[in-house]
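K.L.:
Dropping the structure in here first, questions after.
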Amino acid sequence: MHFGGSSAMKMIVGKLRTPPLASWSEFCCGSSRALRVLRYSTKTLTPNHLVTTSSTATPTTLYHRLVRSQEPSITPVLDQWVGEGRPVDQEDLHRIMKQLRKFSRYKHALEICRWMNNKPYLDVSHKSISIELDLISKVYGLKQAEDYFNKIPNNSRVWQVYGALLNCYAESKSLEKAESTMQKLRELGYSKSLTYNVMMGLYSTMLQYEKLDILMNEMEQKGIRIDKFTYGIRLNAYAKTSEIPKMEKLLLKMEADPEIQMEWHAYTTVANGYLKSGDQENVKKAVNLLKKSEYLIRPSQKKIAYEILLTLYATAGRKSDVYRVWELYKNMGKFYNHGYSCMMSSLAKLDCVDDVAKLYEEWERGCVNFDFQIPNLVITVYCKKGLLEKAEELVKRLVEGGHEPNSSTWSRMALGYVKSGGMEKAVEAMRKSILGSYKGWSVDTVTISMILEYLDRNGKIDEAKEMIGLLDRKGHLSEAVYEGIVKNLSRASIVGCESRT
């Protein structure tokens, strides 16, 4: 769920998650953004994508100056603008904050908000208070957001402000505090569709699906409108839990609701639920809904919609539809790394290894922004199929092309070597992976455990201890990881490694 922030629902290849909702503070700014799917992209956008002027041109608008600024603080930019005698429009500043939030530049957005609050000629409204509360939570954490809320005068605590606090609790998964705030909203008569959707999103995230129906029933009893966001959250929960009859019934109810304009992702959500069941009749139903969804895709939604359709058609085993959608994707006139990633993953799911290789060569020829996730995906496909020579050849090509393999590349190679029985090569690949790792690296405990077990079984205790020590020095040896990788080792090895605890 995405009220006012970054968390909750993401699309992972092969799975479809709940489309996020409009952010709380954007709602307070008057946004009516429809339910959509969070874009999943391997290419990171920068603020320069927002401007149409030459990169060497002097920004002539406050919008361009602030959004393009790469400085740690943008307060001096605002002060300079005013110092030049230029006018400041409050709505323009809110628009700029919205754009900064889009690129997760929450600190800069908060600076603008606080700069506005310090200017007597700019009004501080509930809109500004709600936005600031939300941004404080993102930049400094929940405790400071609570401190800020406690200082807000009672006469300024309108429902939007309470709603922003509710959203802060939902994003931090503070269930009890969220429920308490929701009850306060009820008591003050501030219950709105949006507040119910926040709670439903939280319950869904916490896998407390049984509470979704309770809230929807409460909404119906109180005459609170059940909107497309509400339907979307419940529909997705049914799909996740493979409650097919209930999912179908809710979709029919949604289609019959005169106030609901059906959108493509409602049908892809249900199609995903059908595909999860594995039943062949349901697969046919899924394909029919995917076809139906295509007619509802708006031009601005094509990229993310086509990427999702590629994945779902592949899950349904529809190779012809995968290629058909891929042609539609390419006809957009723009090529995205993530599109290639989705297509390659889809072809791999269809067991079309040669097609994956051909598509990689196409990407390689036209690549503008190199992304290691693409060759790493191909390496994974080769390793899973036992095609180690092809994987090694691709690694060699990367090196020759000036792209030094990263920790993820070597981790995948290590897994491939383990699967093929090349344990010595697996040891070396995993050592390279750990050496090149970074903070937050996801430890492949299964592969490392098998490598350590091999070293232990063959009396190479020093090498086993060295690898564990290397993990420790890199900051990857949490208690959970430690327990996961040494559980199958002999007592001698465990004793030798216990000094780190």
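K.L.:
If we sort 425-433, 232-240, 363-371, 81-89 on the protection proxy, mean other Cβ atoms within 10 Å, highest first, what's the order? It would help to have the intermediate numbers written out before the result.
P.N.:
Working: 425-433: 20.9, 232-240: 24.2, 363-371: 12.9, 81-89: 10.4.
Sorting 425-433, 232-240, 363-371, 81-89 by mean packing, highest first, produces 232-240, 425-433, 363-371, 81-89.
K.L.:
Where nothing but the Cβ of Lys and Arg (+1) and of Asp and Glu (-1) is charged, how large is the charge dipole of the range 384-423 around its Cα centre, in debye to the nearest 20?
P.N.:
Numbers: 7 positive and 5 negative charges, 52 e Å.
Computed about the Cα centre, the dipole is about 260 debye.
K.L.:
Sticking with this structure for a sec: Over the range 107-197, what relative contact order in percent results from Cα pairs under 8 Å that are six or more residues apart?
P.N.:
That works out to 23 percent.
K.L.:
If you don't mind, another one. I'd like the distance separating the alpha-carbon centroids of the range 206-234 and the range 360-390, in whole Å.
P.N.:
Using only Cα atoms, the two centres lie 44 Å from each other.
K.L.:
Continuing with this model, one more query. Given charges of +1 on the Cβ of Lys and Arg and -1 on the Cβ of Asp and Glu, with all other atoms neutral, how large is the dipole of the range 101-199 about its Cα centre, in debye to the nearest 20?
P.N.:
On the way: 16 positive and 10 negative charges, 55 e Å.
So the magnitude is around 260 debye.
K.L.:
Ranked highest first by the average count of other Cβ atoms within 10 Å around their residues, in what order do 396-403, 414-421 fall? All intermediate terms of the calculation are to be shown ahead of the outcome.
P.N.:
Details: 396-403: 11.5, 414-421: 20.4.
Top of the packing list down: 414-421, 396-403.
K.L.:
Relative contact order, percent, of the range 300-368 when contacts are C-alpha pairs under 8 Å separated by at least 6 residues?
P.N.:
Values: 51 pairs, mean separation 22.9, N = 69.
Relative contact order comes out at 33 percent.
K.L.:
Another question about this same structure. From the backbone phi of the range 224-240, what are the Karplus-calculated ³J(HN,Hα) couplings (6.51 cos²θ - 1.76 cosθ + 1.60, θ = phi - 60°) in whole Hz, Gly and Pro given as x?
P.N.:
Rounded to whole hertz, the list is 7, 4, 8, 9, 5, 5, 4, 4, x, 5, 5, 4, 5, 5, 4, 5, 5.
K.L.:
Calculate one ³J(HN,Hα) per residue across the range 264-273 by plugging θ = phi - 60° into the Karplus curve 6.51 cos²θ - 1.76 cosθ + 1.60, and present them in order as whole Hz with x for glycine and proline.
P.N.:
Ordered by residue, 3J(HN,Hα) equals 4, 6, 5, 6, 5, 5, 5, 4, 5, x Hz.
K.L.:
Return the sequence-ordered ³J(HN,Hα) values of the range 431-439 in whole Hz as given by the Karplus equation 6.51 cos²θ - 1.76 cosθ + 1.60 applied to θ = phi - 60°, using x for Gly and Pro.
P.N.:
Ordered by residue, 3J(HN,Hα) equals 4, 5, 4, 5, 4, x, 6, 10, 4 Hz.
K.L.:
Something else: Which shape class applies to the range 216-322: rounded if a/c is under 1.5, otherwise prolate when a/b exceeds b/c and oblate if not, where a ≥ b ≥ c are the square roots of the Cα gyration tensor eigenvalues? Please report the intermediate quantities before stating the final value.
P.N.:
Numbers: a/c = 2.51, a/b = 1.50, b/c = 1.68.
Oblate, since a/c reaches 1.5 and b/c is not below a/b.
Every read-out reported here was derived from the displayed coordinates using simple, explicitly stated rules and does not represent laboratory data. These numbers come from a predicted model, not from an experiment. Backbone-built Cβ (ideal geometry, glycine too); neighbour counts: all protein chains shown.
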